[in-house]
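This report concerns only the one structure given below.
The values are calculated or read from the model by the stated rules, or taken from the named source; none is laboratory data. In this text, all values refer to a predicted model and were calculated from it rather than measured experimentally. Don't worry about glycine lacking a Cβ; one is built from the backbone with ideal geometry, like all the others, and counts go over all protein chains shown. Heads up: the accessible areas ignore ligands, DNA and RNA and are worked out on the full protein's heavy atoms, side chains in. Shrake-Rupley method; radii C 1.70, N 1.55, O 1.52, S 1.80 Å.
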Amino acid sequence: MSYVAHDESAFAPPAEVEEVELYHPKTWVGKYVWSQDAKVIAVQYAATAIGIGLVALVLSWLMRLQLGFPNTFSFIDPSNYLQFVTMHGMIMVIYLLTALFLGGFGNYLIPLMVGARDMVFPYVNMVSYWFYLFAVLLLTASFFVPGGPTGSGWTLYPPQAILEGTPGATWGIILMLVSLAFFIIGFTMGGLNYVVTVLQARTRGMTMMRMPLTVWGIFMATILALLAFPALFVSAIMMTLDVTLGTSFFLPALVSRGQQLAHAGGSPVLFQHLFWFFGHPEVYIVALPAFGIVSDLISVHARKNIFGYRMMVWAIVAIGGLSFLVWAHHMYVSGMNPYFGFFFATTTLIIAVPTAIKVYNWVLTLWRGNIHLTVPMLFAIGFVFTFINGGLTGLFLGNVTVDVPLSDTMFVVAHFHMVMAIAPILVVFGAIYHWYPKITGRMLNDTLGKFHFWVTFVGSYAIYYPMHYLGFAGVPRRYYAIGGTDFIPQSAHSLNVAITIAALVVGVVQVVFLYNLVWSYFKGRPSGGNPWNATTLEWQTPDTPPKHGNFGATLPVVYRWAYDYSVPGAVEDFIPQNVPPREVAGRNSSKT
């Protein structure tokens, strides 16, 4: 049987652009510090993001210690608590997840998966990382300035964020806003690189509809970010001017501590619109790369082609477009007209349709597949479970009449973390376990990996499932202490203790993951070039880890899509993208 699924081209269209000459560093500093190699830049992004993410993890411990054992720790006062909440949220959403998915995985995987030598603009790519690092250092510096970091909540709502009495209302908020501005400038340089590389630097035969879904997810997320981040950028600049020059973009006439302030005419709700016009696409800036990566992990480790590839691509595009039409469902309690509430509730339900299509297709890909329960596959399946759970609670909060009483309760915290924290973090772990052999040439320890997965997965549910109950019970979020409030039952206090213990355990287990990364780098089992028997181009490089230029003397030619697994009549259960049809036919005839 010689037919090969989706091997539609006996031809390979020419590459979009000619190859460019690579920059070859001559010193160690040029190779590993001021590097223009996208793979090194990806590792720099990932290391920096994980480093600042560990800071946010410690901050979450401190928050949980206060909630679980209130007034026990003298070094956690109300101001500190609000600062911990703010910095934890902003670091995790922007400086960890966005940077890791786009700067880390985007830089490493895009050139390799589309068959390019490097990013189209290597020097700009290098500068983008240093802007990101400078933004992280500015943010970290706010811990050491008078008044400490801002304690206004991670959404930075004015006028609270910049009024006296809020922790970090001077230097803290200024450093936060300037850091965000530098982050966005750096991302814009990197993001333009990702988009142009995907559009112009694909190798011969790599049509858009042959790209792996990982590339589609990162590509679409980058377009969203390029369109959404300007709203956050201008709001950061405008609020900085309100703080430093006394302008009134977001501050109305108001009295603070008995004194009339000089501000007048500003609109705090304008900031909310700007923030959430960025903020909801930001959910999908993180989610779309996760969707793409999970699609590839499931397909590879189930040994089955992805179900409904074109449908998955168009679902990614539809989610991206619709993500700009739902932002105000975060603002139901801001006093908006009920008709607007109806509109945004409707668009919120509509965006669930392409998202549900992706979930169905993941399940159908698993159906009757040859599922290998490797560590990456465990994390991918864990993501699907978690995303479904978080998505269902999102339907609650997308409905105006349900959202209003649940707003600013622990139910929101539970939903947000299931969708925006646990789900993408599971993908991050799965992706690292999957591509670590390509990055280092060594396998991560399987036993430690499975221990890490099960404790993280079960522990995360032990943290966030009970929070839904706390929200229904009326426990508010961001409160330093709830004390003897009559309407909050004793069970809520007991649950807070249990949640805190679970959070500490899950946090400590991440040390096992870090140990596995370091130990395996030196002593891990050699992986070979393609340990997962995957079809995509990054696994077909002549060297592992790939050298500068990725593909040796000649770039690969692509003859098929990225998901030829378990093809009827094929000798092996996978056919790489760069294997020509005649070679597949030759293998089959030699078998018979």
Matching residues, segment 228-281, being modelled with pLDDT under 95, touching a Pro at 6+ places or on another chain (Cβ under 9 Å) and over 15 Å from ALA161 (Cβ atoms): ALA264, GLY265
Contacts under 8 angstrom Cβ, first residue in segment 276-293 being without any contact (Cβ under 8 Å) to a residue 60 or more places away in the chain and open to solvent by 10 Å² or more (accessible area, probe 1.4 Å), partner in a helix (DSSP H, G or I) and among the polar types (S, T, N, Q), 6 or more apart: HIS280/SER323
Search result, residues across segment 54-82 that are assigned to a loop (DSSP other than H, G, I, E, B) and crowded, with 21+ Cβ neighbours inside 10 Å: none
Condition check for ILE173: farther than 30 Å from TYR563 by Cβ, of a type in the set (Val, Ile, Thr) and surrounded by fewer than 21 Cβ atoms within 10 Å (Cβ to Cβ): no
Hits in segment 238-275 - residues which are of a type in the set (Phe, Trp, Tyr) and open to solvent by 40 Å² or more (accessible area, probe 1.4 Å): PHE249
Unique residue being within 23 Å of THR456 (Cβ to Cβ) and either buried (at least 18 other Cβ atoms within 10 Å of the Cβ) or not aliphatic (A, V, I, L, M) (or both) when the list is ASN496, ASN530, ASN550, ASN578: ASN496
Check on VAL178, open to solvent by 10 Å² or more (accessible area, probe 1.4 Å) and in a loop (DSSP other than H, G, I, E, B): no
Residue identified as of a type outside the set (S, T, N, Q), in contact with a Gly (Cβ under 7 Å, 6 or more places away or on another chain), touching a residue at least 12 places away in the same chain (Cβ under 8 Å) and open to solvent by less than 50 Å² (accessible area, probe 1.4 Å) among ILE488, ILE463: ILE488
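Per-residue answers, yes or no, for (1) assigned to a helix (DSSP H, G or I); (2) among the hydroxyl-bearing types (Ser, Thr, Tyr); (3) at pLDDT below 95:
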{"position": "THR166", "(1), (2), (3)": "no, yes, yes"}
{"position": "ILE174", "(1), (2), (3)": "yes, no, no"}
{"position": "THR188", "(1), (2), (3)": "yes, yes, no"}
{"position": "ARG204", "(1), (2), (3)": "no, no, yes"}
{"position": "TRP216", "(1), (2), (3)": "yes, no, no"}
Condition broken by SER520, with the remaining ones in (1) touching a helix residue (DSSP H, G or I) at 6+ places or on another chain (Cβ under 8 Å); (2) not in a helix (DSSP H, G or I) satisfied: (2)
Pairs, first outside any helix (DSSP H, G or I) in segment 226-250, second of a type in the set (D, E, K, R), C-beta under 6 Å, six or more apart: PHE249/ASP242; PHE250/ASP242
Filter pass, GLY51 being of a type in the set (Gly, Ala, Ser), in a helix (DSSP H, G or I) and either over 24 Å from GLY507 (Cα atoms) or modelled with pLDDT under 95 (or both): no
Unique match (being in a helix (DSSP H, G or I) and either touching a helix residue (DSSP H, G or I) at 6+ places or on another chain (Cβ under 9 Å) or among the polar types (S, T, N, Q) (or both)) among ILE306, ILE319: ILE319
Some residue of segment 227-237 being of a type outside the set (Asp, Glu) and farther than 23 Å from SER128 by Cα: no
Among (1) assigned to a helix (DSSP H, G or I); (2) out of contact with any helix residue (DSSP H, G or I) (no Cβ under 7 Å at 6 or more places or on another chain); (3) open to solvent by 50 Å² or more (accessible area, probe 1.4 Å); (4) touching a residue at least 24 places away in the same chain (Cβ under 8 Å) - the single one VAL505 does not satisfy: (2)
Which numbered condition TYR480 misses (of (1) modelled with pLDDT of 95 or more; (2) in contact with a helix residue (DSSP H, G or I) (Cβ under 8 Å, 6 or more places away or on another chain); (3) open to solvent by 10 Å² or more (accessible area, probe 1.4 Å)): (1)
